[in-house]
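A.B. asks: Dropping a structure here in structure tokens format, bear with me for questions.
The values are calculated or read from the model by the stated rules, or taken from the named source; none is laboratory data. As the structure is a prediction and not an experimental result, all values here were calculated from the model. Counting neighbours? That spans all protein chains shown, and the Cβs are built from the backbone with ideal geometry, glycine included.
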Amino acid sequence: MDRSPRMTRSERDNEPLDVLVIGGGQAGLVMGFHLAQRGQRFKIVDAGANVGQTWRLRWDSLKLFTAAQYDNLPGMKFPALHDSYPGKDDVADFLQAYATKFELPVALNTKVTSLRHNGLYEIETDKGQIQAHNVVVATGPFQVPFIPPMAKDMDADVFQIHSIDYRRRDNIPSGKVLVVGAANTGCQIALELSATHEVEISVGQRLPTIPQRPLGRDIWWWATRIGLTRITFGSRLGKKLSTRDQVIGGGERELKREGVVVRPRLIGVEGRSASFADGTSSEYDAVLWATGFRTDHSWIDIHQIKDEQGHVQHERGVTEAPGLYVLGLTWQHTRTSALLGWVTNDAEYLAEHIVSTTMTGSEAGVGA
């Protein structure tokens, strides 16, 4: 690529980018930091109206289960007290400040509708087309809220809501509430609702519960010291751990202590009634679906990198399509790959891969 000083700024602006980063959350911003450090010409696009918007749209009382000292991003510490647990708006403010401090080129209100390759990567957005030599998909693991199809069999007067749309207790009408899903989100919301509602929770899979502060130390203090944060997905232990989530903090014991009735897996609903795997059933006035999310890569029109379910296949974020990467996914490389303070490890790895691959390709006469 000719980057002679004689090229005008307008001409350069019309050149394909070195890298387009799709997604302006923590993964995309940290990717931008590492690309800037390496002199790459890049842009970050995000569908949201503000940096950190995804965090602001979570429920009001949400707090991280990583203490502040583990939430730093490269070049900037998280502005909170040691061993405190930041709230969701604290995280959003931090991400906004981060983008501002490092003058990261974030284009907001820009939704990507398709990605294809035709010599260059061509990215269609609702603001027009962007071309780039490399693309990093940093849209994260929480994309499309999943609600089981059985939800349609409930009476219309049973209030239903997915956890992504829950904000506070008064979102839920009075009466008996069923929370479906007992991972961290379901447990936290069930505990919050128990102060004002009659709450039951359906546990589809028994998840191990880990105290937030065993022996007075944050769980991540222990995890870093015994090496759990370095266990990779490709290892035997990593493959085993990646198949089961863990609840950090309040689990079934705390739920029961607060009066929450714990039920087994939900197997069906009809009218106002829900049936469970132990043969019991009960009627409810509201159902909160804490049933997680599904990854949607349908807009990526490069089929050779996908499996039969349409998921992008990769090795630590590197796909088989040259120049196409993913970042910020759960267990992308380690248990901490999608966490705020650790996403930098994979981002730095990908930035180095992009630069080294570009240099190798240029030397061979086939690069940018």
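A.B. asks: Looking at the structure I just gave you, is Leu350 in a loop (DSSP other than H, G, I, E, B) and either polar (S, T, N, Q) or surrounded by 21 or more Cβ atoms within 10 Å (Cβ to Cβ) (or both)?
C.D. replies: no
A.B. asks: Looking for whichever is at pLDDT 95 or above, farther than 24 Å from Phe33 by Cα and within 18 Å of the chain's Cα centre (by Cα) here; the options are Ala347, Ala290. Which one fits?
C.D. replies: Sole residue among the options that is at pLDDT 95 or above, farther than 24 Å from Phe33 by Cα and within 18 Å of the chain's Cα centre (by Cα): Ala290.
A.B. asks: A further question on this structure: Quick check, is Val177 outside any loop (DSSP other than H, G, I, E, B), in the same structural domain as Ala277 (by TED's automatic domain parsing) and either farther than 30 Å from Gln212 by Cβ or touching a residue at least 24 places away in the same chain (Cβ under 8 Å) (or both)?
C.D. replies: Judged against the criteria, Val177 is a match.
A.B. asks: Is region 275-285 home to any residue that is within 26 Å of Gly238 (Cβ to Cβ) and at pLDDT 95 or above?
C.D. replies: No - not one qualifying residue is present in region 275-285.
A.B. asks: When both residues are 6+ apart or on different chains and their Cβ atoms are under 7 Å apart, which pairs have a first residue that lies in region 240-259 and is in the same structural domain as Glu192 (by TED's automatic domain parsing) and over 22 Å from Ala67 (Cβ atoms), and a second that is assigned to a loop (DSSP other than H, G, I, E, B) and small (Gly, Ala, Ser)?
C.D. replies: From region 240-259, the pairs are Glu258/Ser194; Gly259/Ser194.
A.B. asks: Please indicate, with yes or no, whether at least one residue in region 293-301 is without any contact (Cβ under 8 Å) to a residue 24 or more places away in the chain, farther than 30 Å from Asp93 by Cβ, exposed (fewer than 15 other Cβ atoms within 10 Å of the Cβ) and of a type in the set (Ser, Thr, Tyr).
C.D. replies: yes
A.B. asks: Only one of (1) among the aliphatic types (A, V, I, L, M); (2) in contact with a Leu (Cβ under 9 Å, 6 or more places away or on another chain); (3) under 30 Å from Ile172 (Cβ atoms) fails for Leu62. Which number is that?
C.D. replies: (2) is the only condition that Leu62 fails.
A.B. asks: Now for a different question. I'd like the full set of residues that are surrounded by 13 or more Cβ atoms within 10 Å (Cβ to Cβ), modelled with pLDDT under 90 and of a type in the set (A, V, I, L, M), limited to region 234-269.
C.D. replies: Leu241, Val247, Ile248
A.B. asks: With respect to Thr139, is the statement that it is closer than 22 Å to Gln53 by Cβ, in a strand (DSSP E or B) and in contact (Cβ under 8 Å) with a residue 12 or more places away in the chain true?
C.D. replies: It is false that Thr139 is closer than 22 Å to Gln53 by Cβ, in a strand (DSSP E or B) and in contact (Cβ under 8 Å) with a residue 12 or more places away in the chain.
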